[in-house]
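Read the structure below first, then the notes.
The values are calculated or read from the model by the stated rules, or taken from the named source; none is laboratory data. Just so it is clear, the structure is predicted and the values come from calculations on it, not from any experiment. Cβ: placed from backbone, ideal geometry, glycine included. Neighbour counts: every protein chain shown.
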Amino acid sequence: MYHTPMDIEIPQSAQIILDLLEAAGHEAYVVGGCVRDALMGREPADWDITTSAKPEQIKAAAAEAGLKTVDTGIAHGTVTVIIDHEPFEVTTYRADGEYSDGRHPDSIEFLDRIDGDLARRDFTVNAMAYNPTRGLVDHFGGQSDLQAGILRAVGDPRERFTEDALRIVRGLRFAAQLGFSIEERTSQAMHELRNLLDDIAVERIWIEFSGLLCGKDAVPVLREYHDVVFTIIPELADEYEFDQHNPFHRYDVWEHTLHALQAAPPDMDATQRLAILLHDVGKPYCLTFDEDGKGHMYGHEKLGEPIARDVCHHLRLSRADTQTVTHLVRHHMFSIPDTEKAMRRFLVKHGPERAQQLFAIRRCDKSGIGRGQMVESPMSVAFAKAEKLMEEQLHAEPVFGVKDLAVSGRDLIDAGMAQGPAIGRVLEVLLDAVVEGEVPNEREVLLARAQQLMPR
């Protein structure tokens, strides 16, 4: 739903800053993404402000009102004003100089008019400013593009992306999250200049790319801009149009991956979505044919794990996120547990959280085959039964690790066992006994079994 500028309701704190700057004889507007989101009826995450006041004048006006300021980016004209512990970035109108490194302007020039400031911004829908008294400032057709659901670069798209190539991925994120189509010249420049991303810090790329993966229209964007995706993650390129030579699979590996991602539940985070994107990355390297000419890619999950790890390292993911991605890739072909005992073993092996993630990935994987397996096959029945088993075990009194046992290492020591690695081995045996249903998870029973296991 599109809202008119008259519908924009600026938070009181932001309005205070606009008012104090205007009272000091300067122009001031909320600007950029907050205006875009407000016109779309979305709750803006931040309210950025642009003004004709120079940084020292911003600080002086804030001080006059008793407000604290922080010089967060004063060299580029940005002062953060704090109101009730809430930060607002206030930036002087500016024009950017050359971008010799493709990331940062070599110089800036403070301006007295807002026109030039809006001209340096990335997309028309982000190049609008608003003040309740002065109204909406829209020199580049952002309002009409917003109504039409079009993402268009401000001015010459090649110039915008050459200035900062990260805008290519940011544009794809906007398209995925907002459901916008990308204007033809802007789209063409994204394709043609994608290799400029090689010079952008991967941490910045991952921030934008992870937002893309979580967008409601991520799949059509990834499909249309696969060349940009392969520039970011070259390891995926061999999946493109890779025929699986198997009637069980309707799609090539890349298209299957996109269908699997399409099946991801809305609340799945970016790390797990990356695991879906990488789950079959090993397939192109292990294709074999049987006597009937049918293709198989046995062991692709084992081959895919180190490739996925390399991708995570390249994208500078945290150790925890890397472990999540590699574990899900390595184990996504797990045998489906069909008994309570088998499910307990599964939960102990992977842990409750990871086990649930594996089931989610497997469901996406099977949904992406394109032959209706998750709806009409015996496998779907077995999968549903296993999901129910897991739910039951998770809600039962859980014993998924040594820490869940009714006895501890201290209990074994108090019972006469010497400190040392043997304690850990005894606890693991007790855990196995409980998981296998041989003994209940009761203190006295476990201590009695431990006495039988203690070295003499």
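A few notes on this one:
- Looking only at residues of the stretch 280-299 that are in contact (Cβ under 8 Å) with a residue 24 or more places away in the chain and either acidic (Asp, Glu) or touching a Gly at 6+ places or on another chain (Cβ under 7 Å) (or both), we find that the one that is nearest to residue 205 (Cα to Cα) is 281.
- Qualifying residue in the stretch 300-311 (condition: part of a loop (DSSP other than H, G, I, E, B) and surrounded by fewer than 20 Cβ atoms within 10 Å (Cβ to Cβ)): no
- Any hit, the stretch 348-363, residues being in contact with a helix residue (DSSP H, G or I) (Cβ under 9 Å, 6 or more places away or on another chain), in the same structural domain as residue 261 (by TED's automatic domain parsing) and more than 21 Å from residue 273 (Cβ to Cβ): yes
- Flag for residue 390 being touching a residue at least 24 places away in the same chain (Cβ under 8 Å) and touching a Phe, Trp or Tyr at 6+ places or on another chain (Cβ under 8 Å): yes
- Filtered residue count, the stretch 24-58, keeping only those that are within 17 Å of residue 135 (Cα to Cα) and either free of Cβ contacts under 8 Å to residues at least 12 places away in the same chain or among the aromatic types (Phe, Trp, Tyr) (or both): 3
- Scanning the stretch 187-211 for residues that are of a type in the set (Gly, Ala, Ser), free of Cβ contacts under 8 Å to residues at least 60 places away in the same chain and either buried (at least 23 other Cβ atoms within 10 Å of the Cβ) or touching a helix residue (DSSP H, G or I) at 6+ places or on another chain (Cβ under 7 Å) (or both) yields a total of 2.
- Filtering 287, 315 for residues that are touching a strand residue (DSSP E or B) at 6+ places or on another chain (Cβ under 6 Å) and not basic (Lys, Arg) leaves a single hit, 287.
- Every listed requirement among (1) of a type outside the set (Gly, Ala, Ser); (2) closer than 22 Å to residue 177 by Cβ; (3) in a helix (DSSP H, G or I) is met by residue 266 save one, (3).
- Among the residues making up the stretch 164-186, those that are surrounded by fewer than 20 Cβ atoms within 10 Å (Cβ to Cβ) and more than 16 Å from residue 212 (Cα to Cα) are 183, 184, 185.
- Every pair of residues 6+ apart whose Cβ atoms lie under 8 Å, when the first sits in the stretch 97-116 and is more than 17 Å from residue 27 (Cβ to Cβ) while the second is modelled with pLDDT of 90 or more and of a type in the set (S, T, N, Q): 99/162; 102/162
- Only one of 418, 406 that is modelled with pLDDT of 85 or more and either assigned by TED's automatic domain parsing to the domain that holds residue 268 or not in a helix (DSSP H, G or I) (or both): 406
- The number of residues in the stretch 421-442 that are in contact (Cβ under 8 Å) with a residue 60 or more places away in the chain and surrounded by 12 or more Cβ atoms within 10 Å (Cβ to Cβ) comes to 2.
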